[in-house]
Every structure is written in C-alpha cells, then in structure tokens.
Amino acid sequence: MLNGSKVLVVAALLSVGAACNSGRYTSAGFRLPADGNPERGRQAFVNLGCNSCHAVQGVDLPKPTVQPPVPVTLGGEVDEKLSDAYLVTSMIYPSYELAPYPKDQITSGGVSRMPNYADKLTVRQMVDVVAFLQSRYVVRQTPQYYGMR
C-alpha cells in the first residue's frame, strides 16, 4: 500500500509540473495553420511596410529607410528554432520582449519603436508572414564530438 501512495504522490507532482508548462502564458499550445505561404508572406511583409525598418537575411527586398536605422535584421542563423508564438507576439505586441540590441536603438520612450500590428494585418497575412520568416531562419549546427583519439 505504501508503494501505491508513493506512485500517487509522484503522479500528482508530475501533473502539477506539467500544468506549469501549459496555459495562457506559454507557447506550448499555440499553433498556426500549416498552410502558411512564404511567398505570400514576403509580399505581405513588403505591403505592410515591414521592410522600411527590417532587412531579411538572404532576401532581396527594398532597403530599410527609417531613421535612425533599426539594427534588427530578421532571419539567419539561430541557436534554436523560433516558435510561431514568439514571431506572432513580436508582430502584435512588440514591446513584450525586446530584441537583444542596445535599448536606445530599438526603443522610444521605453517601448519598442516597432508599431503594434494587431489592428493592421489579417490573420492570413500573419500566418503567411510567419511562414516567410520561419523559412529564413536556419538552426546553427553544433559540432559533434565523439571522443578523443
């Protein structure tokens, strides 16, 4: 009977731990439709004026024109895949988590210089822009070490 009680306690602790990693404040349950189209996303990126502030690694777009320049280039190598939730949040609530750049270059009055796009893009545009941006990020390969010779 004692072993049964231990199993119940462990199961309860695991359930509580799992609950801490889900819910409204995590990206664990966030999913976008799988039909995002990177080419439509590229076009939406330009139509929405995102390229007036951001360059995208490996993509020929009209050059950024905003002054002072924004140092945030999108795409390129990353240590781990960015979540769709992170990219969506960056578009609709850019001050939530600021990019790791000098704050004086990306903020004005303590908030992101990037405008909030919550009322400026459709859900289709959001899905497609995320597909476009995801296609431009590459997870950096780390060398595998298999022992000394």
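Inside the stretch 80-114, can you point out the residues that are assigned to a loop (DSSP other than H, G, I, E, B), more than 16 Å from the chain's Cα centre (by Cα) and modelled with pLDDT of 90 or more?
Result: Gly109, Arg113.
Filter the stretch 62-79 down to the residues that are part of a loop (DSSP other than H, G, I, E, B) and modelled with pLDDT of 95 or more and list them by number.
Gly75
Scanning for something surrounded by 13 or more Cβ atoms within 10 Å (Cβ to Cβ), over 23 Å from Asp119 (Cα atoms) and either among the basic types (Lys, Arg) or at pLDDT below 95 (or both), does the stretch 41-50 turn up at least one residue?
No, that holds for no residue.
Suppose the filter is in contact with a helix residue (DSSP H, G or I) (Cβ under 9 Å, 6 or more places away or on another chain) and under 19 Å from Arg42 (Cβ atoms); does Ser135 pass it?
yes
Select from the stretch 46-61 the residues that are touching a residue at least 60 places away in the same chain (Cβ under 8 Å), among the hydrophobic types (A, V, I, L, M, F, W, C) and assigned to a loop (DSSP other than H, G, I, E, B) and write down the one among them that is nearest to Pro102 (Cα to Cα).
Cys53
Against the conditions (1) surrounded by 13 or more Cβ atoms within 10 Å (Cβ to Cβ); (2) more than 19 Å from Val139 (Cα to Cα), where does Leu87 fall short? Just the number, please.
All conditions pass for Leu87, except number (2).
Give the residue that is surrounded by the fewest Cβ atoms within 10 Å (Cβ to Cβ), with candidates limited to residues of the stretch 97-146 that are under 24 Å from Asn37 (Cα atoms) and acidic (Asp, Glu).
In this case the residue turns out to be Asp119.
Residues are listed down the side, and each one gets a yes or a no for (1) of a type outside the set (A, V, I, L, M); (2) in contact with a His (Cβ under 9 Å, 6 or more places away or on another chain):
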position: Leu32; (1), (2): no, no
position: Asn47; (1), (2): yes, no
position: Cys50; (1), (2): yes, no
position: Ala55; (1), (2): no, no
position: Thr73; (1), (2): yes, yes
position: Lys103; (1), (2): yes, no
position: Val111; (1), (2): no, no
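The values are calculated or read from the model by the stated rules, or taken from the named source; none is laboratory data. Note that the structure is predicted; figures quoted are calculated from it, not measured. Cβ atoms come from the backbone with ideal geometry, glycine included; neighbour counts cover every protein chain shown.
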